[in-house]
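Input: a single structure, listed below in structure tokens.
The values are calculated or read from the model by the stated rules, or taken from the named source; none is laboratory data. What you see is a predicted model, and the numbers here were worked out from it, not measured in a lab. Here the Cβ positions follow ideal geometry from the backbone for every residue, glycine too, while neighbour counts run over all protein chains shown.
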Amino acid sequence: NAGVTQTPKFQVLKTGQSMTLQCAQDMNHEYMSWYRQDPGMGLRLIHYSVGAGITDQGEVPNGYNVSRSTTEDFPLRLLSAAPSQTSVYFCASSSLPGSLGEQPQHFGDGTRLSIL
Amino acid sequence: QQQVKQSPQSLIVQKGGISIINCAYENTAFDYFPWYQQFPGKGPALLIAIRPDVSEKKEGRFTISFNKSAKQFSLHIMDSQPGDSATYFCAASNTQAGTALIFGKGTTLSVSS
């Protein structure tokens, strides 16, 4: 199994450009989420989804859109890139909480995005 | 309002020593408390997790201590090794409500040989 696959691994954009970060998982997980990681800020939740057709906002959703048309894919769209969106973006997936309430997240290796 | 507060921001420990990282949370509805380990250039990976019905969980050299009344939990790494050098994140979620994980800001651990 590939686990969680993120593409591209690196990207440089100009201010105002739009782009889509791809995330795919092959574990049939219901939960998928997007985080951004900035120095000293930890991992901050952007958007998440509990299943196909269902999405919700996290802590820092502004400037980003998501959709979940299939269980496997959860793309993140930057509508009009700004320098403040320079960050490392991580996609994660997990199954629904088990009988023990555990919810181990599986992370991709990230997309490093620079916006000039 | 930061829901999960983690300290220290960075930590240097000698090989063989004990590394201790602390976290505190606000939301009493949180019922799942994992720790994640992240190496440079990689995504975080689950290290160990605990639920609030137990006060301690041990897996090898890694132990979580949990204090429900104080709303605090900590990670102890015994006999720390250079290979443990990484960034560690605590996190919390309300699995009954199906919320996503909320992470602390992370601790960068360096184990010197």
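Tally the residues that are in a loop (DSSP other than H, G, I, E, B) and on the phi < 0 side of the Ramachandran plot, restricting the search to region B:70-90.
5
Keeping to region A:13-31, report how many residues are among the hydroxyl-bearing types (Ser, Thr, Tyr) and surrounded by 15 or more Cβ atoms within 10 Å (Cβ to Cβ).
1
For region B:46-57, give me the residue count where each residue is touching a strand residue (DSSP E or B) at 6+ places or on another chain (Cβ under 8 Å) and either part of a loop (DSSP other than H, G, I, E, B) or at the interface with chain A (Cβ under 7 Å from one of its Cβ atoms) (or both).
Residues in region B:46-57 being touching a strand residue (DSSP E or B) at 6+ places or on another chain (Cβ under 8 Å) and either part of a loop (DSSP other than H, G, I, E, B) or at the interface with chain A (Cβ under 7 Å from one of its Cβ atoms) (or both): 6 in total.
Can you say whether residue B:80 is in contact (Cβ under 8 Å) with a residue 60 or more places away in the chain and either surrounded by 14 or more Cβ atoms within 10 Å (Cβ to Cβ) or of a type in the set (S, T, N, Q) (or both), as far as the supplied structure shows?
When the stated conditions are applied, residue B:80 passes them.
Restricting the search to region B:91-112, which residues are at the interface with chain A (Cβ under 7 Å from one of its Cβ atoms) and either in a loop (DSSP other than H, G, I, E, B) or more than 19 Å from residue B:66 (Cβ to Cβ) (or both)?
B:95, B:98, B:100, B:101, B:104, B:105, B:106
How about region A:60-86: which of its residues are surrounded by fewer than 17 Cβ atoms within 10 Å (Cβ to Cβ) and more than 26 Å from residue A:27 (Cα to Cα)?
Passing the criteria: A:62, A:63, A:79, A:80, A:82, A:83, A:84, A:86.
Working carefully through the options A:84, A:80, find the one that is modelled with pLDDT of 95 or more, of a type outside the set (Lys, Arg) and part of a loop (DSSP other than H, G, I, E, B).
A:80
Considering only residues that are within 8 Å of chain A (Cβ to nearest Cβ), closer than 12 Å to residue B:108 by Cα and either within 11 Å of the chain's Cα centre (by Cα) or part of a strand (DSSP E or B) (or both), which ones fall in region B:1-35?
The answer is B:6, and nothing else.
Is region B:70-82 home to any residue that is within 14 Å of chain A (Cβ to nearest Cβ), of a type outside the set (Asp, Glu) and under 16 Å from the mean Cα position of the chain (by Cα)?
no
Please state which one of A:52, A:92 is among the small types (Gly, Ala, Ser) and more than 9 Å from chain B (Cβ to nearest Cβ).
Going through A:52, A:92 in turn, just one is among the small types (Gly, Ala, Ser) and more than 9 Å from chain B (Cβ to nearest Cβ): A:52.
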